[in-house]
1. Taking Ile194 and the conditions (1) surrounded by 24 or more Cβ atoms within 10 Å (Cβ to Cβ); (2) within 23 Å of Thr84 (Cα to Cα), which numbered condition does it fall short on, given that it satisfies the others?
2. Check region 19-37 and report whether any residue there is over 19 Å from Thr126 (Cβ atoms), free of Cβ contacts under 8 Å to residues at least 40 places away in the same chain and buried (at least 18 other Cβ atoms within 10 Å of the Cβ).
3. Could you say which residue among Leu238, Leu162, Leu203 is assigned to a helix (DSSP H, G or I), modelled with pLDDT of 90 or more and among the aliphatic types (A, V, I, L, M)?
4. Select from region 232-266 the residues that are over 17 Å from Pro18 (Cα atoms) and among the small types (Gly, Ala, Ser) and list them in ascending order.
5. Looking only at region 244-253, how many residues end up being surrounded by 16 or more Cβ atoms within 10 Å (Cβ to Cβ) and modelled with pLDDT of 95 or more?
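The values are calculated or read from the model by the stated rules, or taken from the named source; none is laboratory data. All figures in this text were calculated on a predicted structure; none of them were measured in a lab. For neighbour counting, all protein chains shown are included, and Cβ atoms are generated from backbone atoms with ideal geometry for every residue, glycine included.
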Amino acid sequence: MLLLKYLILGIIQGFTEPLPISSSGHLRIFKTIFNSEVLSDMNFEIIVNFGSLVAILVLYRKEIISIIKDFFMYIKTKEDKYKTNYKYAWLIVIGTIPAAIFGILIKDLIESYFTTKLVGLMLIITALLLYIIKDIKGKKSKEDITIIDAIKIGLFQVIALLPGISRSGSTVVGGMISNLKRDTALNYSFMLYIPISVASMFLGITDLIKAPNLNSLMIPYIVSMIAAGIVTYFSAKLFINIMKKGKLIYFSIYCFIVGLITFILF
């Protein structure tokens with residue numbers, strides 16, 4: 001039964017992580033419903049987030065390699081053909097800074113005081129944000145993103161520290177409000193996810209290694225990590241396809257219904 005719980009929750013994490021429906025909010029709701037000891041295991045979050053991170057790295061491997069390669073080639077040669085990705089790399093860094101700072105300062109405090117009812121309210125807010133941008137198409141491509149855009153989108157990512165506010169949803173909203181094209185906003189959103197996820201993993205790895213029950217939970221951890229990784233990969237591809245079609249209204253409706261039910265019941 002323990003293995004099955006880790007498998008199911010790994011699937012839930014994997015499905016909700018890349019979608020604009022808040023993985024943290026869903027895990028909090030499931031924790032309230034099932035009162036599962038799995039969801040009280042902070043190391044579980046580290047493990048499944050690592051699985052999701054690997055999936056995103058695989059999905060965007062060509063673009064990531066291109067950004068890294070062009071970044072160092074521009075430093076070396078100063079050729080214009082490398083400049084776009086050089087600038088883009090710095091924009092990813094700039095966009096990550098706000099969430100990194102606030103995450104260190106207030107994330108634990110938020111987790112301590114946030115209730116399931118408030119998660120429901122935040123899901124409703126996510127629904128409203130997604131509804132606002134549902135018809136926006138934007139004009140800016142990757143090379144048009146400015147430092148101001150990066151800071152603005154980074155601040156939207158800070159809002160996602162609140163359980164129930166989707167990280168991918170909030171950054172996509174920030175991108176669309178900044179007049180980015182849909183695919184540009186989505187790609188930048190996933191690029192911002194990578195450094196934040198890597199930082200969270202490194203901050204929590206010490207606690208994971210020192211966990212007294214690590215050996216007994218090794219197999220459940222591996223199962224949940226693999227499940228989260230596989231499901232994240234296909235869930236992210238689903239999000240990409242839905243964004244191309246401009247159907248964010250689906251996620252808006254879903255978040256509103258789940259948020260309203262959660263707010264009323266809890």
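1. (1)
2. yes
3. Numbers: Leu162 fails: assigned to a helix (DSSP H, G or I); Leu203 fails: modelled with pLDDT of 90 or more.
None of the others qualify; the one that does is Leu238.
4. Gly259
5. 2
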